[in-house]
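The values are calculated or read from the model by the stated rules, or taken from the named source; none is laboratory data. Nothing here was measured: the structure is a model prediction, and the numbers come from that model. With ideal geometry, Cβ positions are generated from the backbone for all residues, glycine too; neighbour counts draw on all protein chains shown. Just the protein is used for accessible areas: all its heavy atoms, side chains included, with ligands, DNA and RNA removed. Shrake-Rupley method; radii C 1.70, N 1.55, O 1.52, S 1.80 Å.
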Amino acid sequence: MSEINALEGRITAALERISAGMTQISQSAPTGDATGLQAQLDEERTANAQLVERVKVLKERQDSHIAELEARVSAQSDQLAQLDGELQRMRASHADLRELNAQLRSAAADGAADPEMINRALIAEIDALNAQRSADAAEVDAILSELKPLIEEAS
């Protein structure tokens, strides 16, 4: 960004020199000196065109870099949303598991362990394990997506 500002300053200075040269040409009418001034004006125009082109290239480079960063942010937001969903699912599954285990303990204390209750507790535990596995996988994906650009840069 500082390069763009510096180039803009140089372009402005070049345009001011051109303007001063044009004013000087219009004030002094000797034709012999006009050829030299025309050459200087052409040089300044060439330098100005080069500076304008450099600014354009820098702006395009900056715009592409910004677009790349925005794409990365979007991808990370999607991954975080997925990870959050998996964590919410895991929390709900764990809450169900705790509730069923409390019911199972209560039934066992009363001496009335119901096979259906045991099955529901086992199903809740399996769901909790699946939710944990999904959350772990989402977290690994998030970590890998961050490491991949670093590995590619190192290669």
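No other residue among Q62, Q38, Q82 is under 30 Å from D136 (Cα atoms) and assigned to a helix (DSSP H, G or I) apart from Q82.
Residues considered: E8, E60. Of these, the only one that is charged (D, E, K, R), surrounded by 10 or more Cβ atoms within 10 Å (Cβ to Cβ) and at pLDDT 90 or above is E60. Could you go through the range 143-155 and let me know if any residue there is loosely packed, with under 13 Cβ neighbours inside 10 Å and among the small types (G, A, S). So far as the range 143-155 goes, yes, one or more of its residues are loosely packed, with under 13 Cβ neighbours inside 10 Å and among the small types (G, A, S). With the structure loaded, tell me whether V57 is more than 19 Å from the chain's Cα centre (by Cα), of a type in the set (A, V, I, L, M) and assigned to a helix (DSSP H, G or I) or whether it fails that test. Yes, satisfied.
The one condition from (1) open to solvent by 90 Å² or more (accessible area, probe 1.4 Å); (2) under 30 Å from E3 (Cα atoms) that A67 does not meet is (1). Applying the condition of being at pLDDT below 85 and β-branched (V, I, T) to the range 11-48 and asking which residue is nearest to the chain's Cα centre (by Cα) yields T23.
When you scan the range 107-122, how many residues do you find that are on the phi < 0 side of the Ramachandran plot and exposed (fewer than 10 other Cβ atoms within 10 Å of the Cβ)?
As a first pass, look at the range 107-122 and keep what is on the phi < 0 side of the Ramachandran plot: 107-110, 112-122.
Imposing the further condition that a residue be exposed (fewer than 10 other Cβ atoms within 10 Å of the Cβ) reduces the set to 109-110, 112, 115-116.
Selection size over the range 107-122: 5.
Only residues that are closer than 15 Å to E8 by Cβ, open to solvent by 80 Å² or more (accessible area, probe 1.4 Å) and of a type outside the set (D, E, K, R) were counted across the range 35-53, and they come to 1.
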